[in-house]
Amino acid sequence: MSEHTEDLRLAEAGALEVTLYSRPGCHLCEAAKAAIHPLLEEFGATLHEINIDGDPVLTERYGWDIPVLFIGPRKAAKHRINVRQLRRQLKEAKENAGQAHLVMVRKKGA
């Protein structure tokens, strides 16, 4: 069984790459986008919004559990977004990304 292309993309997602699985006409998805937009700017994160209706595998996987939010390769939330929790998760992701970068720099210069 091969992995879905979206699984591969998520596995390689950077620490500050945010993925939102949604569908058109979903009021919770629209509320999630509005809630996360200021945090994306605050932390320099990028958003990948994926319409699950365009993919039968994702529709089967997420169905009515949308919105589903990932930070990097890790699931961060579904249904409703807790802004406080998301801010903490993005802060941790940014700190971890910075630490990983320092390790890479040290290894190159060693």
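We did not get these values from a lab; they are worked out from the coordinates using the rules stated. In this text, all values refer to a predicted model and were calculated from it rather than measured experimentally.
Coordinate range of the alpha-carbon atoms in the chain per principal axis, descending: 51, 38, 16 Å.
Over the residues of the chain, the helix contribution to mean residue ellipticity at 222 nm works out to -17000 deg cm²/dmol, using -39500 (n - 2.57) for each DSSP H run of at least 4. For Lys33, the aspartates and glutamates whose Cα falls under 13 Å of its own Cα, not counting residues fewer than eight places away in the same chain, are Glu41, Glu49.
Taking only Cα atoms, what is the 0 to 90° angle, nearest 10, from helix 83-109's long axis to the longest principal axis of the chain? With rounding to tens, the tilt is 40 degrees.
To make sure I understand the rule: partners must be aspartates and glutamates, Cα under 12 Å from the Cα of Lys94, and not fewer than 8 residues away in the same chain. Which ones qualify? Once the sequence-local aspartates and glutamates are set aside, what remains near Lys94 is Glu17, Glu42. Comparing Cα centroids, the stretch 60-78 and the stretch 3-46 end up 9 angstrom apart.
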